[in-house]
Amino acid sequence: MIDSNDVVRLERVSRSYGTGPNAVTALDGVTVGFARGTFTAVMGPSGSGKSTLLQCAAGLDRPDAGTVVVDGVDLGGLTETALTELRRERLGFIFQSFNLLGALTAEQNVGLPLRLAGRRPDADRVRTALAQVGLGERVGHLPSQLSGGQQQRVAIARALISAPKVLFADEPTGALDSTSSREVLTLLRSLVDGQGQSTIMVTHDPVAASYADTVLFLADGQVVDHLVGPDPQTVAERMTGLEAARGGGARR
Ligand code: ADP
């Protein structure tokens, strides 16, 4: 699964928490590649290492062992400052909880990453980003004046404003009803299809995962399976199998 077209590559990545008898192996020698321009969902039982995988892949956490390469850069060689800069310049993030600032309009929220990077947000660019997520008419709205699905779309526009090489999504539909979820997932899919936006999404929802090109399944800190061209039923069946096989093997 590893080749040079990978926008993110993990090689023998391990990450443990704690020491001695309480140590937990969250990732156990994971080797996996995420092809540029594709949409990958990461699934697995609770505690299987999904968040840790996402955090290591996005340079938010450092593995104890192994290599993470993002857009050709080996993260292991970077200082904290360089890592922060790489995240800001090359990566986009969306979360379950949207993380919008309540006192700022949609437009101001979307422009925020540029401001934080010391650049003056270009109004046209911000409006184009909001139009791209279908919110061209809502630029002056506050988050409280928007539905959950609309708020997540503002968060997506904010993540895309710096043209990230990879969009990381951590349970992006976890707080949404099924209609809003569909809206957000359709948008993510169209960004992949329309502009080749590489996207990596952690989810526990088989329907959400079915929007991806590939689903990776984790169990006990290892990639144990993958599914290309997933449909919700097959994803749900694989998950049921993993839940049934679950025996706390990640604890050492
Ligand atoms: P998932 O996202 O699949 O639920 P995580 O990556 O959050 O799994 O966690 C994998 C394992 O690592 C779990 O056993 C979890 O309790 C443990 N873990 C994760 N983060 C920490 C942490 N900061 N401190 C201690 N243990 C952690």
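Here Leu216 clears all of (1) over 24 Å from Gly66 (Cβ atoms); (2) in contact (Cβ under 8 Å) with a residue 24 or more places away in the chain except the condition numbered (1).
Looking at the stretch 68-83, can you tell me whether even one residue there is over 20 Å from Val228 (Cβ atoms) and within 11 Å of the ligand (Cβ to nearest atom)? Within the stretch 68-83 (the criterion being over 20 Å from Val228 (Cβ atoms) and within 11 Å of the ligand (Cβ to nearest atom)), the answer is no, since none of the residues qualifies. Residues that are surrounded by fewer than 21 Cβ atoms within 10 Å (Cβ to Cβ) and either part of a strand (DSSP E or B) or more than 8 Å from the ligand (Cβ to nearest atom) (or both) within the stretch 8-24 comprise Glu11, Arg12, Ser14, Ser16, Tyr17, Thr19, Gly20, Pro21, Asn22, Ala23, Val24, listed in sequence order. Consider the stretch 228-244 and keep the residues that are within 17 Å of Ser48 (Cα to Cα) and among the aliphatic types (A, V, I, L, M). The one that is surrounded by the fewest Cβ atoms within 10 Å (Cβ to Cβ) is Ala244.
With respect to (1) over 29 Å from Gly49 (Cα atoms); (2) surrounded by fewer than 18 Cβ atoms within 10 Å (Cβ to Cβ); (3) hydrophobic (A, V, I, L, M, F, W, C), the lone exception for Ala175 is condition (1).
Every listed requirement among (1) farther than 25 Å from Gly49 by Cβ; (2) surrounded by fewer than 24 Cβ atoms within 10 Å (Cβ to Cβ) is met by Arg158 save one, (2). Remark: pairs (first residue in the stretch 126-139, farther than 23 Å from Val192 by Cβ; second residue acidic (Asp, Glu); Cβ separation under 6 Å; 6+ apart in sequence or on different chains) = Val139/Glu107.
Residues are listed down the side, and each one gets a yes or a no for (1) modelled with pLDDT of 95 or more; (2) under 18 Å from the mean Cα position of the chain (by Cα):
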{"residue": "Ala57", "(1), (2)": "yes, yes"}
{"residue": "Asp61", "(1), (2)": "yes, yes"}
{"residue": "Leu78", "(1), (2)": "yes, no"}
{"residue": "Arg90", "(1), (2)": "yes, yes"}
{"residue": "Thr105", "(1), (2)": "yes, no"}
{"residue": "Asn109", "(1), (2)": "yes, no"}
{"residue": "Leu114", "(1), (2)": "no, no"}
{"residue": "Ala117", "(1), (2)": "no, no"}
{"residue": "Arg125", "(1), (2)": "no, no"}
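Counting only residues that are within 15 Å of the ligand (Cβ to nearest atom), give me the helices (runs of 4 or more DSSP H) lying completely in the stretch 178-252 with at least 3 of them. Helices (runs of 4 or more DSSP H) meeting the threshold: 232-245.
Restricting attention to the stretch 74-114, the residues that are without any contact (Cβ under 8 Å) to a residue 60 or more places away in the chain, at negative phi and surrounded by fewer than 16 Cβ atoms within 10 Å (Cβ to Cβ) add up to 13. Residues that are crowded, with 18+ Cβ neighbours inside 10 Å and not in a loop (DSSP other than H, G, I, E, B) within the stretch 128-155 comprise Ala129, Leu130, Gln132, Pro143, Gly148, Gly149, Gln150, Gln151, Gln152, Arg153, Val154, Ala155, listed in sequence order. From the list Ser4, Ser51, which residue is without any contact (Cβ under 8 Å) to a residue 12 or more places away in the chain and either assigned to a helix (DSSP H, G or I) or more than 16 Å from the ligand (Cβ to nearest atom) (or both)? Exactly one of Ser4, Ser51 is without any contact (Cβ under 8 Å) to a residue 12 or more places away in the chain and either assigned to a helix (DSSP H, G or I) or more than 16 Å from the ligand (Cβ to nearest atom) (or both), namely Ser4. For Leu60, the criteria (1) surrounded by 15 or more Cβ atoms within 10 Å (Cβ to Cβ); (2) away from the ligand (no atom under 12 Å from the Cβ) hold in every case but one, which is (2).
The values are calculated or read from the model by the stated rules, or taken from the named source; none is laboratory data. All values derive from a computational prediction rather than experimental measurement. Here Cβ is always computed from backbone atoms with ideal geometry, including for glycine, and neighbour counts include all displayed protein chains.
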